[in-house]
1. For the range 65-162, what does the alpha-carbon gyration tensor say about shape, rounded, prolate or oblate, given a ≥ b ≥ c as the root eigenvalues, a/c under 1.5 as rounded, and a/b over b/c as prolate?
2. Tell me which chymotrypsin sites (Phe, Trp or Tyr not before Pro) from the range 56-161 have a DSSP coil assignment and no more than 11 other beta carbons within 10 Å of their own.
3. Between VAL149 and ASN96, take the C-beta separation as r, use R0 = 41 Å, and let me know the FRET efficiency to the nearest 0.05.
4. Among CYS121, CYS128, which comes first, then next, by fewest other beta-carbon atoms within 10 Å?
5. Points 7 angstrom from Cα along the Cβ direction at VAL70 and ASP141: gap in nanometres?
6. Could you compute the net charge surrounding ASN96? Neighbours are other residues with a C-beta less than 15 Å from the C-beta of ASN96; K and R count +1, D and E count -1.
7. How many lysine pairs in the range 65-162, separated by 8 or more positions in sequence or lying on different chains, have Cα atoms less than 20 Å apart?
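Values quoted throughout were computed directly from the atomic coordinates according to the rules given, and no laboratory measurement underlies them. Every value quoted in this text rests on a predicted model; they were computed, and no experiment measured them. Counting neighbours? That spans all protein chains shown, and the Cβs are built from the backbone with ideal geometry, glycine included.
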Amino acid sequence: MDLTQQTFYEDLKGMSTGNNEDAGKDYLYQNKLIDSKATKAMILGGLERQKIPQTQSEYEDYVTEIRASVTKKYESLIKNAHQYLCYMYLITYNYNKCIEHVKKLIKLGNLATSTTYNVHCYMAEATCMIGQFKDAMTHLDEAENVSDVMHSISNGLESNLAD
């Protein structure tokens, strides 16, 4: 543990045990009164359970894990941006731009089931509006297939809950 981590850890420990002047203060967070002792004790417990890398190899694994997490969140952000742009272009009658973003989303792949459904619906409407009716029907069929999969999963979950 470096000096900064140790100081932070000791400060929290002092706050949670009441050895600090801030220990008795309560805080208002999202319109809820938060007991500072309990909160700081919770943070302290989390820090005690957190494994701090001791070797270079553990540190590199830790950094790799963080990078993977950040990359996954970035990819999700990009997919959400394209989906929102698809919808925005669709409702503003810019069908070609909508189709462009749908194609980018499909090319990215690994979409959530609900996103896949939305994308095919957006593409069906956009292609229909520019007169490409066969393409529109293809995407409506794809949306229907996704909907059937979602429906069967939902029914499976409901029957599991009923048992």
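1. Oblate, since a/c reaches 1.5 and b/c is not below a/b.
2. Filter output for the range 56-161: TYR93.
3. Efficiency for this residue pair is about 0.90.
4. So the ranking, lowest neighbour count to highest, is CYS128, CYS121.
5. With each label point 7 Å from Cα toward Cβ, the separation is 4.5 nm.
6. Working: positive: LYS97, LYS103, LYS104; negative: GLU100, GLU125, ASP135.
So the environment of ASN96 carries a net charge of 0.
7. So the count works out to 11.
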